[in-house]
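Below: one structure, written as structure tokens.
No lab work stands behind these numbers, since they all come straight from the coordinates. These numbers were taken from a predicted model, which means no experiment stands behind them. Neighbour counts are summed over all protein chains in view; Cβ atoms, including those assigned to glycine, are modelled from backbone coordinates with ideal geometry.
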Amino acid sequence: MKPQIELATTETPDGGKMGLYQHDQDFAIKINGQQLMSSRQHESELALARLGCAHLAKRDAPSVLIGGLGMGYTLRQTLDMLGEDAKVVVSELLPDVVAWNRDYFKNLNGQPLEDKRTEIKIGDIFPLLTSSAESFDAILLDIDNGPSAITDMGNSQLYTQSGIEICKYALRKKGCLAIWSAEPSKEFEELLMSCGFQVRRYKVPAYTGTTKNSRFIWVAAEDVKLLPPGGGEPRPAKKSKARAKQHTHRRR
């Protein structure tokens, strides 16, 4: 059996170790030893683009923002779905991840960074969002492990009410926000709805042809007609009887 080889390392903003590893023809990126992504498990990254950009099939000159380059699978799928007049901005926090894509992943993703429609923005996604009022027809977020499984605590702000509101600010009126997650989260679904979004939840496989190791994608839009078919419709949690009595008592 071939050993796993450490190809490169870098430091995350909170001081963690991010490493790139290779085993035979497969690659993996880990943070502090915890696997963040693998070239063997990329079906959900493709699904993020398919679901988040489904409403753009007939849109002229669409503009898409991808938060998190990863191994380039979401970018590759997005470019394949859109026409030559599209623009895809990729916000990646770590320049080393961009370098790894160029140096190691050419045979994985068809070199989407070389596509003329692609623009890379190195740095935190927040300044980009706050300076991009009504700029994007779709925002696809695959940052960290999603809202409930944070490996870098600096990313948690993106999944708060202020983070969602900033994303909404950067979306065009008929835009969609799509968010990848390693785990389900009822609380996050309620947060999206509280921000004025219509929401659908999609359970997608990590591997092609299997339901094992499922991932989750939420697609949110102000207009329910923009959401792709299928998926589950989250509903706000019902108040408990005890809480309802407390509110009734307070109103007297």
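State the extension gain, in nm to one decimal, for the chain segment bounded by ASP60 and GLU222, taking 0.36 nm per residue of separation less the distance between their alpha-carbons.
56.3 nm
Nearest 5 is fine: what % of DSSP beta bridges in the chain come out antiparallel, could you say?
Roughly 60 percent of the DSSP beta bridges within the chain come out antiparallel.
Dividing the alpha-carbon radius of gyration of the range 134-201 by 2.2 N^0.38 Å (N being the number of residues), what value is obtained?
Compared with the compact-globule rule of thumb, the range 134-201 sits at 1.04.
Pop the C-beta distance of ASP85 and THR130 into the FRET formula with R0 = 25 Å and round what comes out to the nearest 0.05.
0.40
Taking only the Cα atoms of the chain, how large is their convex hull per residue, in Å³?
Taking the convex hull of the Cα positions in the chain, it is 155 Å³ per residue.
Using the crude model of +1 on Lys and Arg Cβ and -1 on Asp and Glu Cβ, and no other charge, please compute the dipole size for the chain relative to its Cα centre, in debye to 20.
For the chain, the charge dipole is close to 1720 debye.
Mind ordering 78-88, 112-122 by average Cβ neighbours within 10 Å, highest first?
The peptides rank, most packed first, as 78-88, 112-122.
Sorting check: for 186-195, 102-111, which peptide has the highest mean count of neighbouring beta carbons within 10 Å, and how do the rest follow?
My ranking of the peptides, most packed first, is 186-195, 102-111.
The range 155-172 to the range 64-129: how many Å between their Cα centroids?
Cα centres, the range 155-172 to the range 64-129: 20 Å.
So which of LYS58/LYS87; LYS30/LYS203; LYS174/LYS203 end up more than 20 Å apart, counting from Cα to Cα?
Flagged as over cut-off: LYS30/LYS203; LYS174/LYS203.
Taking a cut-off of 17 Å between Cα atoms, list the aspartates and glutamates near LYS212, but don't count ones fewer than 8 places away on the same chain.
Excluding near neighbours in sequence, the set is GLU43, GLU45, GLU183.
Using 1/(1 + (r/R0)^6) with R0 = 22 angstrom and r between the beta carbons of GLN111 and TYR207, what's the FRET efficiency to the nearest 0.05?
Step by step, r from the Cβ atoms, then E = 0.40.
Ordered by packing density, taken as the mean number of other Cβ atoms within 10 Å over each peptide's residues, highest first, how do 196-202, 31-37 rank?
196-202, 31-37
With unit charges on the beta carbons (Lys and Arg positive, Asp and Glu negative) and the dipole taken about the Cα centre of the chain, which residue among GLY231, ILE143, LEU51 sits farthest to the positive side?
GLY231
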